[in-house]
Amino acid sequence: MKYRAVFLDRDGTLNEEMGYINHIDRFILLPRVGQAIRLLNQLEFKTVVITNQSGVARGYFPESLVLFVHQKMLDLLKTEKAHLDGSYYCPHHPDIGVPPYRQNCRCRKPGTGLIEEAVRDLNLDCSQSYMIGDRGVDIQFGHQIGAKGILVLTGYGKGEWEYYRDQWEVKPDHVALDLYDAVQWILQQECGR
Ligand SMILES: [Mg+2]
Ligand SMILES: [Zn+2]
């Protein structure tokens, strides 16, 4: 049996968008995120973070910080009785920095390299899954993996939606105020099945 998943962008979706999270103190969970993920846990969706962290390639912070921030994210969620089933990141950039971080990788969203890893690790069915993020690239990525895409209006979401949506090749299946609102919509879809 395969599991359904909700793939989650990190910055601007789970935590406050601050440009680059180049210090642990800049990682601040957005309101209602704990509640939202707890609900997904109860609905038995696998919750999987998929994030581009090109700040590593750009030399803004060491790769170890990504793991450190991930641990903080898990700890904060734990205090709200919520958990993540996986977290995958791309530290690369196609033309900035030095190899191996500078490379045309397959894992930078909207590339699907990270998803292939997650699907193998967690036995997921993308066609029954959702992708939630605050940028057009997240929606494109969701479409590419065959999941439904939800744009949240936190982080870069509002600006992306207001000024760039006409340029998007793929429209979101839903636009939500924040992660909690997005999960409420998923709940409705599930009830209608
Ligand atoms: Mg984001
Ligand atoms: Zn990569």
Of the heavy-atom accessible surface of segment 91-193 (probe 1.4 angstrom), what whole percent is carbon and sulfur? 46
Per the rule of 0.36 nm per residue minus the C-alpha distance, extending residue 25 to residue 96 adds in nm 23.0 nm
Rounded to the nearest 5, the percent of antiparallel DSSP beta bridges in segment 1-146 equals 5
Let me have the relative contact order for segment 1-99, percent, based on Cα pairs under 8 Å that are six or more residues apart. 34
If each residue of separation counts as 0.36 nm, what is the full-extension length gain between residue 190 and residue 166 once their alpha-carbon separation is subtracted? 5.7 nm
What is the percent carbon and sulfur in the accessible area of segment 7-66, measuring with a 1.4 Å probe over the protein chains and ignoring ligands? 46
Can you pull the three principal axis extents for the Cα set of segment 37-111, in Å, largest first? 42, 23, 11
Can you give the helix-only mean residue ellipticity at 222 nm for the chain, where every DSSP H stretch with n ≥ 4 adds -39500 (n - 2.57) and the sum goes over all residues, rounded to the nearest 500 deg cm²/dmol? -10500 deg cm²/dmol
Which value, in Å², gives the accessible area per residue of the chain when a 1.4 Å probe is used on the protein heavy atoms? 49
Give me the extension gain from residue 35 to residue 60: residue separation times 0.36 nm, minus the current Cα-Cα distance, reported in nm with one decimal. 5.8 nm
Tail beyond 23 Å, pair distance distribution of segment 73-193 (Cα, percent): 40
Tell me, how many Å apart are the Cα centres for segment 59-101 and for segment 105-155? 16
Excluding ligands and nucleic acids, what accessible area in Å² is computed for residue 187 using a 1.4 Å probe, to the nearest 10? 50
Only Lys, Arg, Asp and Glu count, each charged at its Cβ (+1, +1, -1, -1), so figure out the dipole size of the chain about its Cα centre, rounded to 20 debye. 280
What accessible area, in Å² to the nearest ten, does a 1.4 Å probe give for residue 44? 140
Please give every one of the lysines within straight-line cross-link reach of residue 78, meaning a C-alpha to C-alpha distance under 29 Å, and leave out same-chain neighbours fewer than 8 residues apart. 2, 46, 109, 148, 158
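The values are calculated or read from the model by the stated rules, or taken from the named source; none is laboratory data. Please read these numbers as outputs of a predicted model, since none were measured by experiment. With ideal geometry, Cβ positions are generated from the backbone for all residues, glycine too; neighbour counts draw on all protein chains shown. Keep in mind that these areas ignore ligands, DNA and RNA; they rest on the heavy atoms of the full protein, side chains included. Shrake-Rupley method; radii C 1.70, N 1.55, O 1.52, S 1.80 Å.
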